[in-house]
Amino acid sequence: MKFYSTRNKKAEVSGAEAVCRGISDEGGLFVPQSFPEFSSEQIKAFCGEPYENVAAQVIGEFLPELKNELPEYTRAAYSRFDGDPAPLVKVFDKTYVLELWHGPTHAFKDIALTLLPYLLQGSKKLLGNLSTTLIPVATSGDTGKAALEGFSGVGGTAVAVFYPDGGVSDLQRLQMITTEGDNVFVSAVKGNFDDAQTAVKKAFTDTELKSALAKLKIELSSANSINFGRLAPQITYYFTAYADLAEGKQIRFGDKVDFCVPSGNFGDILAGYYALKMGLPVGRLICASNINNVLADFISTGTYDARREFRKTSSPSMDILVSSNLERLVFDLSGENDELTASRMAKLKEEGVYSLTPHEAEAMLRVFAAGYASEEEVADTVAEYFDEYGYIIDPHTAVAAAVAAKTRDDNTPVVILSTASPHKFAASVLKAIEERPTGNELKDLQKLEEVTALEVPESLINLPTKEKIFTDCIELGDVNGTIIAFAERLGKK
Ligand SMILES: *Cc1c(COP(=O)(O)O)cnc(C)c1O
């Protein structure tokens, strides 16, 4: 299996190289040159299989060079989940919720970030790369902790997380600064998320930093969602959800199922598109946006227009105006035209807008549907699910549930992807169900448990008693120096 770049098809790499490099030199994203297909017999055989086995088979189609190691990797990653990594819950008629938040940090990024370190480790071994890979991460909250949990203790890798001082929730900060492990580092930076992100991006292109690290046999890599190693693990749960529906006799084998996905960077829903290309009987992929509805507009109109005001919402992980993974869909719709994709992405960067041809836009609408939810609709949906079905969802999931209600076709079962545990957004959830948040996030967790009987995970309850290991706050200009100091400590271990 070979991969090439969406902006230059001549930039051809193996899967292992795609995982190690993350992004192509000219800024394009690596995509598989062809899509493996599962026969319906093969998909049937997923019924009743443990999640880790399905994951090894699905990912193995893209990374055959790691086929022997994958079962071990998926077992190690998914043993860190509390039971099944992707249980499917029936909420009401023909409406199901796929809970993707039973991992160590209680958000769906765990599904990919618990596995990526192993994929990276295995790929480096294949390529004979003996250096240590250091992953700098700028985070607005969830990704930082998921990366720390994923990489902590994995040999040959290290992770350094920078979060904006005062820019993450107390709970998220406590989750990060109490992370144990020799190969992890966390610091606050003086600035907002964009400042932190810009400082970290600069580190990747800083030649002085690179040569200082090279002397220590350390190289930088990225764990953000454009890495194919983060995308591939997400394809798995579309297959297991379908297999669970068939096994539970909710559908007949071969029936089409719709999926409604709360979208930000477009990685999660793109994985569903890849599952469809691999032979899964997907009906429609419904892209759900919050009021930052640039993606929903794109799907409805064929024009991507990021020239709009950024708005903060109760679903912060979806507050995004430039969705990096969309480039892979645009490349696919263009008939894999790398020059056209490159020019569209250049246009997006320069003018903030580009359009598909009418033909491409039609093709997109044969598979995708879209909608967005206002903040009021999100809160109403949280309340409705709780009051009517006794089922509690977080605001991200509620965006998808609200959009599913508006766009669904009543005859087709719909699976709503649930991307965060309600505990992580307890204050918003309490408000939605007309309870008063306490003003203290940890107390809100307990209050949510009292009101809804939804048990707080132990790892969250215990947070206040854990040792606060990383208490520094640095200036933006000190990010590079801090990375070097961390690298030097790693070298000594
Ligand atoms: C990252 C995230 C999303 C958006 O997923 P994309 O793959 O970026 O579209 C939705 N919900 C939560 C809770 C997330 O953390």
Considering segment 145-167, residues that are in contact with a strand residue (DSSP E or B) (Cβ under 8 Å, 6 or more places away or on another chain), away from the ligand (no atom under 16 Å from the Cβ) and β-branched (Val, Ile, Thr), and then whichever is nearest to Asn224 (Cα to Cα), we arrive at Val159
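Among the residues of segment 173-195, which ones are touching a residue at least 60 places away in the same chain (Cβ under 8 Å) and within 26 Å of Asp444 (Cβ to Cβ)?
If we filter segment 173-195 for residues that are touching a residue at least 60 places away in the same chain (Cβ under 8 Å), which is where we start, we get 174-180, 182-183, 185-191, 195.
Answer for segment 173-195, where residues must be touching a residue at least 60 places away in the same chain (Cβ under 8 Å) and within 26 Å of Asp444 (Cβ to Cβ): Leu174, Gln175, Met176, Ile177, Thr178, Thr179, Glu180, Val186, Ala188.
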Restricting segment 303-327 to residues that are surrounded by 20 or more Cβ atoms within 10 Å (Cβ to Cβ) and away from the ligand (no atom under 12 Å from the Cβ), which is nearest to Tyr4 (Cα to Cα)? Glu327
Need the failing condition index for Leu460 against (1) touching a Gly at 6+ places or on another chain (Cβ under 7 Å); (2) under 23 Å from Ala86 (Cα atoms), just the number. (1)
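Give the residues of segment 277-292 that are open to solvent by less than 10 Å² (accessible area, probe 1.4 Å) and not small (Gly, Ala, Ser), sorted by residue number. Spell out how you get there, then give the answer.
Of segment 277-292, the ones open to solvent by less than 10 Å² (accessible area, probe 1.4 Å) are 278, 280, 282, 285-290, 292.
Residues satisfying the conditions are Met278, Leu280, Val282, Leu285, Ile286, Cys287, Asn290, Asn292.
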It is to be established whether one or more residues within segment 446-455 are under 25 Å from Thr143 (Cβ atoms), in contact (Cβ under 8 Å) with a residue 24 or more places away in the chain and open to solvent by less than 20 Å² (accessible area, probe 1.4 Å). yes
Taking the conditions exactly as written (within 13 Å of the ligand (Cβ to nearest atom) and open to solvent by 40 Å² or more (accessible area, probe 1.4 Å)), does Pro262 satisfy them or not? no
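So which residues in segment 107-162 are of a type in the set (Val, Ile, Thr) and either open to solvent by 20 Å² or more (accessible area, probe 1.4 Å) or on the phi > 0 side of the Ramachandran plot (or both), if there are any at all?
Across segment 107-162, the qualifying residues are Thr132, Thr143.
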Being farther than 26 Å from Ser221 by Cα, in a helix (DSSP H, G or I) and modelled with pLDDT of 95 or more is true for just one of Val54, Val58. Which residue is that? Val54
Identify the residue in segment 37-72 that is open to solvent by 10 Å² or more (accessible area, probe 1.4 Å) and hydrophobic (A, V, I, L, M, F, W, C) and, among all such residues, is nearest to Ile235 (Cα to Cα). Ala56
Within segment 111-144, how many residues are within 16 Å of the ligand (Cβ to nearest atom) and among the charged types (D, E, K, R)? 1
Of all residues in segment 195-238 being of a type in the set (Phe, Trp, Tyr) and open to solvent by less than 10 Å² (accessible area, probe 1.4 Å), which is nearest to Thr139 (Cα to Cα)? Phe228
The residue that is surrounded by the most Cβ atoms within 10 Å (Cβ to Cβ), considering only those in segment 461-493 that are farther than 15 Å from Ala212 by Cβ and either touching a Lys or Arg at 6+ places or on another chain (Cβ under 8 Å) or of a type in the set (S, T, N, Q) (or both), is Ile474
With respect to the numbered conditions (1) of a type outside the set (Asp, Glu); (2) away from the ligand (no atom under 13 Å from the Cβ); (3) out of contact with any Gly (no Cβ under 8 Å at 6 or more places or on another chain), which one is the sole condition not fulfilled by Ser222? (3)
Checking the structure you have, find out if any residue of segment 7-14 is not small (Gly, Ala, Ser) and not in a strand (DSSP E or B). yes
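Which members of segment 111-126 meet the condition of being part of a helix (DSSP H, G or I) and out of contact with any Asp or Glu (no Cβ under 6 Å at 6 or more places or on another chain)?
Residues satisfying the conditions are Ile111, Ala112, Leu113, Leu116, Pro117, Tyr118, Leu119, Leu120, Gln121, Ser123, Lys124, Lys125.
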Take segment 427-444 and flag every residue that is buried (at least 18 other Cβ atoms within 10 Å of the Cβ), away from the ligand (no atom under 13 Å from the Cβ) and in contact (Cβ under 8 Å) with a residue 60 or more places away in the chain. Glu441
I'd like to know if segment 87-110 contains one or more residues that are over 28 Å from Ile251 (Cα atoms), part of a helix (DSSP H, G or I) and within 16 Å of the ligand (Cβ to nearest atom). yes
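The values are calculated or read from the model by the stated rules, or taken from the named source; none is laboratory data. Note that the coordinates shown come from a computational prediction; the quantities given were computed from them, not determined experimentally. Note: ideal-geometry Cβ built from the backbone for every residue, glycine included; neighbour counts use all protein chains shown. Remember, those area values only see protein heavy atoms, side chains included, never the ligands or the DNA or RNA. Shrake-Rupley method; radii C 1.70, N 1.55, O 1.52, S 1.80 Å.
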